[in-house]
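For reference, the structure discussed in these notes is given below.
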Amino acid sequence: AVVGAGLGGSAVAYFLQQHFGPQVQLDVFEPAAVGGRLGTVTVNKQQYESRAASIHALSLHMQDFVKILGLKHRREVAGKSAIFSGEHFVLEETDWYLLNLFRLWWHYGISFLRLQMWVEEVMEKFMRIYKYQAHGYAFSTLEEMLRSLGGDVFVNMTQRSVAESLLEVGVTQRFVDDVIAAVLRSSYGQSVLVPAFAGAMSLAGAQGSTWAVEGGNRLVCSGLLKLTKASIIPARVTGVSLHSSEGRALYQVHYEGSEGQGSAFYDMVVVTTPLHPSKSNFTFENFEPPITDFPGAFQPSVTSVVHGYLNSSYFGFPDPKLFPFSSILTTDTPDLFFNAMDNICPVNISAAFRRKQPQEAAVWRVLSQQPLDKQQLKTLFKSYYSVQVTEWPAYPRYDATKSLPPIVLHENLFYLSGVEWVASSMEMIAVAAKNVALLAYNRWHQDLEKIDQKDLMHKVKTEL
């Protein structure tokens, strides 16, 4: 049984079938739409991503899914970004790559180079995970996974803030306050106090090239589930209770759907929905010791998709024709009521598509902590035709807990979503899904040589 049909659930179903073979019977429980947090909204008969929108170029599992499913990368429509302080733009992008570099250099000295080197070093070590997974290695805890990639340094990066780590490598406080804060507000809706590892992943996405799936990112989820021929059960799982049969654990999954309550027995269960008090009233019965404690909370995030005319004079451009930016990030200023906003393109982009001019009515996605009131909407827009608001618990509140959740809850009962406490992105969830599938397979076949091995870089080299 797989609980949840978001990216985690659909990816783990696909990987489980890959490893256990086509005879494995998969039931995926999902009370809402397939795709989980990968949602779209419709404006003027066009669909737009309302949530997780871009995927990093180095996301190898996501790249693979797109290839296997015959999907396409959406055509990129160029646009410029700027960082707004509530009063003025502290940094503006131009069409000239060299001029952008010069501006960064002029404003912040060597800080942005130091940042780049730091992010590249983290990413280079993180990329080892693909090699380990290709050789069938898995990890039973998030700490073990991090340790095998980057030693204790990676584990410590989940315990200390990105600000602290960057100041240590010589990035200036001003660069942290202006640039790093703006990136983290737009990606996680949080401050520079997020842990260094989550911060590094977010900053890698901000400086690398990104892409999205033509037709919408959620097509990956429905595509993977179709490919595995999994049974999708439209019901909400309320709990799991433990039984045993011939010395082997058997799990009874309890659920409720439109036809009332039901339950079914499984050899193996993977929970891919977040398990903590604010998100789920999930119960575990007959487990010894009991499975109870999932500390931490989720950060509420509000996405407002607004079809209207931008009030460019709020940003210091009385003539809207001269407003050059399609994406606005913000610094951590108490009076700013939004984290970021961007002029978004539909999920299907025709060859003739062009981005709306700043004086035309366009579709903007505004990210904020609280729903925007009428006055705030009036501040950002001269007038608007429609506002569609999605409130969702987007990311872990990274300051809420210091311990990482477990992956193994019981013999063959696994928890996938805990990886978000390390870093939250589509690719992190795909990596965790592959890890859980390998872990489940290796444990089922008692292949302990493939779990939590030390010195994996050396082992993989000798295998080659």
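The values are calculated or read from the model by the stated rules, or taken from the named source; none is laboratory data. Nothing here was measured: the structure is a model prediction, and the numbers come from that model. When we count neighbours, we look across all protein chains shown, and the Cβ atoms used for this are built from the backbone with ideal geometry, even at glycine. Note: accessible area is taken over every heavy atom of the protein model, side chains too, but ligands, DNA and RNA are not part of it. Shrake-Rupley method; radii C 1.70, N 1.55, O 1.52, S 1.80 Å.
Report the net charge of residues surrounding residue 362, where surrounding means a beta-carbon distance below 13 angstrom and charges are Lys +1, Arg +1, Asp -1, Glu -1.
So the surrounding residues net to +3.
What number, rounded to the nearest 500 deg cm²/dmol, is the helix-based mean residue ellipticity at 222 nm of the chain, given -39500 (n - 2.57) per DSSP H run of at least four residues and division by all its residues?
On the way: 13 runs with 143 residues, N = 464.
Counting only the DSSP helices, I get -9500 deg cm²/dmol.
Normalised radius of gyration for region 193-266, please: alpha carbon Rg relative to 2.2 N^0.38 Å, two decimal places.
Working it through for region 193-266, the quotient is 1.76.
Loop sites only, by DSSP: take the GluC sites (Glu not before Pro) in the chain that have at most 13 other C-beta atoms within 10 Å and name the longest stretch containing none of them.
My reading of the result: 88-245 is the longest stretch.
Please state the equivalent ellipsoid semi-axes for region 1-44: what are the square roots of 5 times the Cα gyration tensor eigenvalues, largest first, in whole Å? Mind showing how you got there, number by number?
Values: eigenvalues 132, 22, 11 Å².
Ellipsoid half-lengths, sorted descending, are 26, 10, 7 Å.
Could you rank 96, 118 by how accessible they are, 1.4 Å probe, largest area first?
Descending order: 96, 118.
All other residues with a Cβ under 15 Å from the Cβ of residue 22 taken together, and with Lys, Arg as +1 and Asp, Glu as -1, what is their net charge? Can you show the working numbers first?
Numbers: positive: 226, 229; negative: none.
Here the charged neighbours net out to +2.
Would you kindly state how much longer the chain becomes between residue 248 and residue 123 on full extension, computed as 0.36 nm times their sequence separation minus their alpha carbon distance, in nm to one decimal? Display every interim value, and only then the final one.
On the way: separation 125, 0.36 × 125 = 45.00 nm, distance 4.01 nm.
Full extension of this stretch gives 41.0 nm more.
Which three extents, in whole angstrom, do the alpha-carbon atoms of region 26-155 cover along their principal axes, largest first?
That gives 55, 50, 29 Å along the principal axes, largest extent first.
State which stretch of the chain is the longest one without any exposed trypsin sites (Lys or Arg not before Pro), exposure meaning a DSSP loop state and at most 16 other Cβ atoms within 10 Å. Write out the running numbers ahead of the final one.
On the way: sites that count: 45, 72, 75, 160, 229, 279, 354, 355, 356, 402, 454.
Segment 76-159 is the longest.
Accessible area of the chain with a 1.4 Å probe: how many percent of it is carbon plus sulfur?
Accessible surface attributable to carbon and sulfur in the chain totals 52 percent.
For the chain, treating each Cα as an identical point scatterer without solvent, what Debye log10 I(q)/I(0) comes out at q = 0.07, 0.09, 0.14 1/Å?
For the chain, the Cα-only Debye profile gives -0.37, -0.62, -1.43.
Give the angle, between 0 and 90 degrees and rounded to the nearest 10, that separates the Cα long axis of helix 142-156 from the longest principal axis of the Cα atoms of the chain.
That helix lies at roughly 50 degrees to the long axis.
Per residue, how much accessible area does the chain have with a 1.4 Å probe, in Å²?
Per residue, the chain has 45 Å² of solvent-accessible surface.
Sum up the charges of everything whose Cβ sits under 13 Å from the Cβ of residue 427, counting Lys and Arg as +1 and Asp and Glu as -1, but leave residue 427 out.
On the way: positive: 434; negative: 64, 420.
That sum, taken over residues with Cβ under 13 Å, equals -1.
For the chain, what is the percent of antiparallel DSSP beta bridges, rounded to the nearest 5?
If we restrict to bridges inside the chain, about 75 percent are antiparallel.
Give me the distance between the Cα centres of region 400-457 and region 111-181, rounded to whole Å.
Cα centres, region 400-457 to region 111-181: 18 Å.
In region 197-337, what is the volume of the convex hull around the alpha carbon atoms, normalised per residue and reported in Å³?
About 244 Å³ per residue, rounded to a whole number.
Please list log₁₀ I(q)/I(0) at q = 0.15, 0.19, 0.23 Å⁻¹ for region 127-239, using the Debye equation with identical point scatterers on the alpha-carbon positions.
-0.94, -1.10, -1.18
For region 283-380, how big is the tail of P(r) above 22 Å, as a whole percent of Cα pairs?
Tail fraction, whole percent: 44.
How high is the FRET efficiency between residue 164 and residue 32 when r is their beta carbon distance and R₀ equals 35 Å, given to the nearest 0.05?
Using R0 = 35 Å, I get an efficiency of 0.35.
When the Kirkwood hydrodynamic radius is evaluated over all pairs of different C-alpha atoms of region 346-463, what value in angstrom, to one decimal, is obtained?
19.5
Between residue 459 and residue 46, what FRET efficiency comes out of the Förster formula 1/(1 + (r/R0)^6) with R0 = 41 Å and r the beta carbon distance, rounded to 0.05?
0.25
In this model, which of 67/131; 321/382; 125/461; 131/229; 131/450; 356/382 are farther than 23 Å apart at the alpha-carbon? Mind dumping the intermediate values first?
Working: 67/131 19 Å; 321/382 14 Å; 125/461 15 Å; 131/229 28 Å; 131/450 13 Å; 356/382 16 Å.
Checking Cα-Cα distances, 131/229 exceed 23 Å.
Between residue 359 and residue 445, how high is the FRET efficiency from 1/(1 + (r/R0)^6) when r is the Cβ-Cβ distance and R₀ = 56 Å? Nearest 0.05.
Numbers: r = 64 Å, r/R0 = 1.14.
Efficiency computed from Cβ-Cβ geometry: 0.30.
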